[in-house]
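Bear in mind that the values in this text are calculations on the coordinates, not laboratory data. Note that the structure is predicted; figures quoted are calculated from it, not measured. Cβ: placed from backbone, ideal geometry, glycine included. Neighbour counts: every protein chain shown.
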Amino acid sequence: MSKVYFIPIDSYSKTAQISNAAAKLLDKIQSEEKILDLKKQIPLKVHFGEDKNTTFIGPENYNGVIDYLKQKKAEAVYIETNVLYKGTRTTKKEHLEVAKNHGFTQIPIIIADGELGEEYELVKINSPNIKHFKEFKIGKKIAQAKQMIVLAHFKGHSIAGFGGAIKQLSMGCAARGGKLDMHAKSKPILNPVACKKCFACSKNCPADACVIDTLVPHVDYTKCIGCAKCIAVCPHGAMNINWLNTGKAEFLEKLAEYAFAAQKGKKIIYINFLLNIAKDCDCWGKKLPIIAKDIGVLASVDPVALDFACIELLKKSEHKKVFSGEKVFTHAQEIGLGTTKYDLIELK
């Protein structure tokens, strides 16, 4: 049985309380279990929010964690990866600009998978319970890190049902090619009508898989390695994700497996913000509806127990099931990512 620590907070507007609660939860776990090496760099895995999104967890809510680490003489940095889709966080340069505009300026920022999401390390896992992958494309700087604090906004997601610690580990730590692995059948598709034959994709493709100088431009899948760099560099939006191949049940299993790979060999403390609970992901570049009452901040060393506790607190608070996607817990337990058996410990 895993321990999940909880501090109730009834309003996202109570920024000081939220910040202090996160620090208190971090101190509780660190004091009891000595998870982190405070003499070494500690990356804080966050989500900066898409441009024009207003419901992401603002940086002021992380000040308590940052101040706690500073008091302990630890070097804290924000860490994040580029997105798969075409947007304002597709490249490192644009991503850093969005982070700055959203106020993430307290500590240095590392974009773990490079300028275009092309920098990753292959994490290999040989286990009979891992069904979909043998290798995982994890953002290089995250793969190299030996410890992290994963700060996750618990909210909805159009495919996963909900996003919390597990999704922050999986989709959040994967390089662009890894995100493509989870979303589709590992290959991008080229719309020949939208293609303007500018050759941006073919010039940047590391596998020479973009066939442009032909009657019908296309991707040569015998060469494509699924890095998804072409999606990032195409200025016309002709390269896309094959969403039709994204089955929900399979997608949830892939999320669990990528989360397992991302945390492999690391010491991690997970903190979930069960606040500002939006209908969809912070990747949406607009204001999103808030669909549930604010509940509080939770923390654990077990991402499965943590997310499951959030789901159950949300059901209790709203007297109904709010999000789908709970099948992710089945495969997450099968592969050893964590357990849904937990002891909820409320701190004052």
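Could you calculate the contour length gain from GLU115 to SER324, that is, 0.36 nm times the residue separation minus the distance between their Cα atoms, to one decimal place in nm? If you can, show how the numbers build up before the last one.
Numbers: separation 209, 0.36 × 209 = 75.24 nm, distance 3.39 nm.
Residue separation times 0.36 nm, minus the Cα-Cα distance, leaves 71.8 nm.
Taking the chain as a Gaussian network, Cα atoms linked when under 10 Å apart, which of VAL193, VAL297, VAL219 shows the biggest mean-square fluctuation?
Greatest mean-square fluctuation among the candidates belongs to VAL193.
Can you tell me the order of 12-21, 130-139 when each peptide is scored by its average per-residue count of other Cβ atoms within 10 angstrom, highest first? Write down the numbers at each step before the final one.
Numbers: 12-21: 17.8, 130-139: 21.1.
Going from most to least packed, we get 130-139, 12-21.
What is the extension gain from ASP220 to LYS341, computed as 0.36 nm multiplied by their sequence separation minus the C-alpha to C-alpha distance, in nm to one decimal? Let's see the in-between values first.
Numbers: separation 121, 0.36 × 121 = 43.56 nm, distance 4.64 nm.
Value of the extension gain: 38.9 nm.
For the chain, set up a GNM with springs between Cα atoms under 10 Å and report which of ASN276, ASN53, ASN101 has the largest fluctuation.
Of ASN276, ASN53, ASN101, the Gaussian network model singles out ASN101 as fluctuating most.
Using per-residue counts of other Cβ atoms within 10 Å, averaged over each peptide, order 152-159, 70-77, 195-202 from highest down.
Values: 152-159: 22.4, 70-77: 14.2, 195-202: 16.8.
Packing proxy ranking, top to bottom: 152-159, 195-202, 70-77.
Under a Cβ-Cβ cut-off of 12 Å, what is the net charge of the residues other than SER202 that fall near it, where Lys and Arg count +1 and Asp and Glu count -1? Each step should come with its number before you reach the end.
Numbers: positive: LYS197, LYS203, LYS223, LYS229; negative: ASP208, ASP213, ASP220.
Net charge around SER202: +1.
Roughly speaking, what is the stretch gain from LYS34 to SER158, that is 0.36 nm per residue apart minus the C-alpha to C-alpha distance, in nm to one decimal? Kindly include the intermediate steps, with their values, before the conclusion.
Numbers: separation 124, 0.36 × 124 = 44.64 nm, distance 3.66 nm.
Result: 41.0 nm gained on full extension.
Cross-link list LYS3/LYS287; LYS223/LYS254; LYS28/LYS92: which exceed 32 angstrom alpha carbon to alpha carbon?
On the way: LYS3/LYS287 34 Å; LYS223/LYS254 23 Å; LYS28/LYS92 35 Å.
Over 32 Å apart, Cα to Cα: LYS3/LYS287; LYS28/LYS92.
Given CYS195, CYS224, CYS234, which one lies farthest toward the positive end of the charge dipole of the range 186-241, if we put +1 on the Cβ of every Lys and Arg and -1 on the Cβ of every Asp and Glu?
The residue sitting most towards the positive pole is CYS234.
From the list (1) 18.8; (2) 16.7; (3) 22.3, can you say which value of mean projected area of the Cα convex hull in nm² was derived from the structure given?
Looking at mean projected area of the Cα convex hull in nm² for this model, the match is (2).
So how tilted is helix 15-33 from the main axis of the chain? Cα-based, degrees 0 to 90, rounded to 10.
Relative to the chain, helix 15-33 is tipped by roughly 80 degrees.
How high is the FRET efficiency between LYS100 and ALA194 when r is their beta carbon distance and R₀ equals 45 Å, given to the nearest 0.05?
Values: r = 31 Å, r/R0 = 0.70.
Given R0 = 45 Å and the Cβ-Cβ separation, E is 0.90.
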